[in-house]
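Here's the structure, in structure tokens; my notes come after.
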Amino acid sequence: MNYTFREAGAEDFAQIWRLNHRAFADELAQHEPTEDGLLVDRFEAKSRYFIALQGRDVVGMVCISITPPFSVESRLADTAILDTLQHPLIEIRLLAIDPGHRSKLVMAGLLARMMRDILVHPAGTLLISGVTGRVEMYERFGFRPLGPPVPSGRASFVPMALSLADLPDFVLRGLERDQRRTS
């Protein structure tokens, strides 16, 4: 399958809201399902979205925010822990891939597109709220827990952080390969 990875435009948001609903209301049950099958994120206005497309269909997404407050703050017993991290902080959110397109290719393409954008701006630490069932995957990427899991709906999330200085070598090599392909 051929995929395109790019930053989302205004024309993509109806599909983003549908994918957001399928992932976080239907699949994870973090949010209650809505009749229209759309879920608009409360931090959307201050976030940048990166999408995976197959043709014109949005099949994956991830977004970043550089503006506090961050959603991860609601999962911390003491938000002062964020002051101990290397700044500036960037929060990564809403990683979702349609079940029919879940593959290393789509995941790698989304993350590479997002990281290209992050690495051209000054950044110190990446923040995420990792789904408890996927914590091992996040740890392979170098993320470390900032606290215990916190329930949200019927899902639970672990607040996590990764200093960009600690990006694993395999991530850096992958970003270099991706950069050569897109240059």
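What the table below lists for this structure:
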| read-out | value |
| --- | --- |
| In the range 70-105, residue farthest from Leu162 (Cα to Cα) [restricted to those that are among the small types (Gly, Ala, Ser) and under 15 Å from the mean Cα position of the chain (by Cα)] | Ala96 |
| Filter result for Val106 (assigned to a helix (DSSP H, G or I), within 30 Å of Gln54 (Cα to Cα), among the hydrophobic types (A, V, I, L, M, F, W, C) and touching a residue at least 24 places away in the same chain (Cβ under 8 Å)) | yes |
| Residue under evaluation Asn2, criteria (1) surrounded by 12 or more Cβ atoms within 10 Å (Cβ to Cβ); (2) in contact (Cβ under 8 Å) with a residue 40 or more places away in the chain, criterion not met | (1) |
| Residue count for the range 138-159, restricted to those that are hydrophobic (A, V, I, L, M, F, W, C) and under 20 Å from Leu111 (Cβ atoms) | 4 |
| Hey, Asp26 among the acidic types (Asp, Glu) and modelled with pLDDT under 95 or not | yes |
| Residue within the range 117-130 that is buried (at least 16 other Cβ atoms within 10 Å of the Cβ), farther than 23 Å from Ala29 by Cβ, hydroxyl-bearing (Ser, Thr, Tyr) and at pLDDT 95 or above present | yes |
| Top-ranked residue of the range 30-48 - restricted to ones that are under 13 Å from the mean Cα position of the chain (by Cα) and under 20 Å from Gly124 (Cα atoms), ranked as surrounded by the fewest Cβ atoms within 10 Å (Cβ to Cβ) | Arg48 |
| Qualifying residue in the range 46-60 (condition: within 24 Å of Tyr3 (Cα to Cα), modelled with pLDDT under 95 and either touching an Asp or Glu at 6+ places or on another chain (Cβ under 9 Å) or part of a helix (DSSP H, G or I) (or both)) | no |
| Given (1) without any contact (Cβ under 8 Å) to a residue 60 or more places away in the chain; (2) assigned to a helix (DSSP H, G or I); (3) over 22 Å from Arg116 (Cβ atoms), number of the condition Ala23 does not satisfy | (1) |
| Criterion: of a type in the set (D, E, K, R) and without any contact (Cβ under 8 Å) to a residue 40 or more places away in the chain - qualifying residue of Arg113, Arg134, Arg48, Arg93 | Arg134 |
| Filter result (among the hydroxyl-bearing types (Ser, Thr, Tyr) and under 22 Å from Ala80 (Cβ atoms)) within the range 107-151 | Thr125, Ser129 |
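The values are calculated or read from the model by the stated rules, or taken from the named source; none is laboratory data. Given the structure is predicted, the values throughout are model-derived calculations rather than measurements. All Cβ positions, even for glycine, are placed from backbone atoms using ideal geometry, and neighbour counts span all protein chains on display.
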